[in-house]
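The values are calculated or read from the model by the stated rules, or taken from the named source; none is laboratory data. Worth saying up front: this structure is predicted, and the values here are computed from it rather than measured. Ideal geometry is used to build each Cβ from the backbone, glycine not excepted, and the neighbour counts take in all protein chains shown. Please note that ligands, DNA and RNA were not included when accessible areas were found on the heavy atoms of the full protein model with its side chains. Shrake-Rupley method; radii C 1.70, N 1.55, O 1.52, S 1.80 Å.
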Amino acid sequence: MDKKLKPVNSIEITTLQDNYIEITAMDNTAIVTRAAPFSEDNLRMSVIAEHGFSVYVKTVYGDQSRSLLLDFGFSEIGAAYNARVLGIEMDKVEAVVLSHGHNDHTGGFSTLTALINKKNIPFVVHPAVFRTPRYLKMPGRKVYFSPLDRTEIEKAGLKLIESKSPFFLLDDTVLFLGEIPRRTDFERGFPIAYYEDEGSEKWDPIEDDTSIVMHLEGKGLVVVSGCAHAGIVNTLLYAVELTGVNKIHAVMGGFHLSGSLFEGIIGKTVEKLKELQPDYVIPCHCTGRRAILEIEKSMHDSFILNMAGTRLTFRS
């Protein structure tokens, strides 16, 4: 790359949507702030958890504060409802990124972009997010994804940027990784994902899968994945390669280790994560219960349990 990722002084990540919520946790720390079940002295509704992912990211460097949105959750209402309950200033979003084109990351597109209510801000995606028809090949049937519609993007007024290559955002403080090389021998993608191409059925490598990366000054990289269909280890190795920053401060997002198809690689994934020595590991969304438990057990000192509504604050 011709440019370098600019270090920032702080990174704040608020989860607008994740698969889990526990409003009685009361485990706030200097880094973790949970969504409270009350407003002032009154109880209020919980935030909503669903099988989806969406985060609001704010970076600060010098006297500059910049914000972006990664992904939109599954339902039309979930992430947007949570944004309102949490008091997130969505109108401050300056860029939008989509990790990949599956419904659990695109479903809340219309409602969240309506909250942002801005025209011509960058919306960065890999071109394969528009691939169709795309489906999971289940025993005796196919389960189809509904692709994000270009007309929806036009209606929202976003400036669509399709890129397979790395792309800098927010004055070079955030890096969209683009298409992630697959180099490990155990991260082989989603075996039941397929698409049709000119009448032929093909395995879907989900090459639109990607992540965003930031550099926390003096601490290292903060990497946020959507589902890590390319493999979370491949993702981290590529982030290090592109940025030239060898230290990983935090890795967060879906690691896609849920279910019987991925149980066989949980151990190897955790082993490689331990070798990379991130200060914090925050598995979310599609990582799955067994994998999360194994990460917590094996990397107890660096493990953070994420929830819908959680705000994570990393400072240099």
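Annotations for the structure displayed:
- Exceeding the 19 Å Cα-Cα cut-off - candidates 58/247; 247/297; 164/274; 118/159: 58/247; 247/297; 164/274
- Rounded if a/c under 1.5, otherwise prolate or oblate - the range 56-135, Cα gyration tensor axes: oblate
- Here the range 120-249 is treated as a sphere whose radius is the Kirkwood value from Cα pairs; by Stokes-Einstein at 4 °C and 1.567 mPa s it diffuses with a coefficient of 80 µm²/s.
- Taken along its principal axes, the alpha carbon cloud of the range 101-143 reaches lengths of 44, 21, 11 Å, longest axis first.
- Secondary structure note: in the chain, about 65% of the DSSP beta bridges are antiparallel.
- Assigned charges on the beta-carbon of Lys, Arg, Asp, Glu; the chain dipole about Cα centre (debye): 120
- Per residue, the convex hull spanned by the Cα atoms of the chain amounts to 138 cubic angstrom.
- Carbon + sulfur, % of accessible area of the chain - ligands and nucleic acids excluded, 1.4 Å: 49
- Hz values of 3J(HN,Hα) by residue in the range 228-239 - Karplus curve (6.51, -1.76, 1.60), Gly and Pro given as x: 6, 5, 7, x, 5, 5, 4, 4, 5, 4, 6, 4
- Structural descriptor for the chain: relative contact order 21 percent, calculated from alpha carbon pairs under 8 angstrom and at least 6 residues apart.
- Highest-MSF residue in the chain out of 121, 48, 248 [GNM, Cα springs under 10 Å]: 121
- The H on the amide N of residue 126, modeled in the peptide plane, is under 5 Å from the matching H of 163, each at least 5 residues off or on a different chain.
- Loop-located GluC sites (Glu not before Pro) across the range 49-132 with a Cβ neighbour count of 13 or fewer within 10 Å are 89, with loop assigned by DSSP.
- The radius of gyration of the Cα set in the range 187-242, together with its Dmax, comes out at 14.6, 52 angstrom.
- Size check on the range 236-279: the Cα extents along the three principal axes, sorted descending, read 35, 16, 16 Å.
- Residues whose amide H comes within less than 5 Å of that of residue 145, counting only those at least five positions distant or on another chain, are 134, 135, 136 (H built at 1.01 Å from N in the peptide plane).
- Fluctuation leader among 68, 43, 16 - the chain, Gaussian network, Cα springs under 10 angstrom: 43
- Candidates 306, 19, 117, ranked by Gaussian network fluctuation over the chain, Cα under 10 Å, top entry: 117
- Shown in residue order for the range 20-37 are the 3J(HN,Hα) couplings computed by the Karplus curve 6.51 cos²θ - 1.76 cosθ + 1.60 at θ = phi - 60°: 9, 8, 9, 6, 9, 4, 6, 10, 4, 9, 5, 9, 9, 10, 7, 5, 7, x Hz (x for Gly and Pro).
- The phi torsions of the range 269-285, fed into the Karplus equation with coefficients 6.51, -1.76 and 1.60 and a -60° offset, translate into couplings of 4, 5, 4, 5, 4, 5, 5, 6, 6, x, 5, 9, 10, 10, x, 10, 6 Hz, rounded to whole numbers, with Gly and Pro shown as x.
- Equivalent ellipsoid dimensions for the range 1-150 as semi-axes, Å, which come from the Cα gyration tensor, largest first: 27, 23, 14
- Pairwise inverse Cα distances across the range 165-316, averaged and inverted, put the Kirkwood hydrodynamic radius at 15.9 Å.
- Cα shape, the range 233-316, gyration tensor, a/c 1.5 rule: oblate
- Rolling a 1.4 angstrom probe over the protein heavy atoms with all chains in place gives the range 1-86 an accessible area of 51 Å² per residue.
- Area accessible to solvent at residue 200, 1.4 Å probe radius, in Å²: 60
- Cα gyration tensor shape of the range 154-227, rounded if a/c is under 1.5, else prolate or oblate by comparing a/b with b/c: oblate
- Binned Cα-Cα distances of the range 1-64, short to long, each 10 Å bin given as a whole percent: 16, 37, 29, 14, 3, 0
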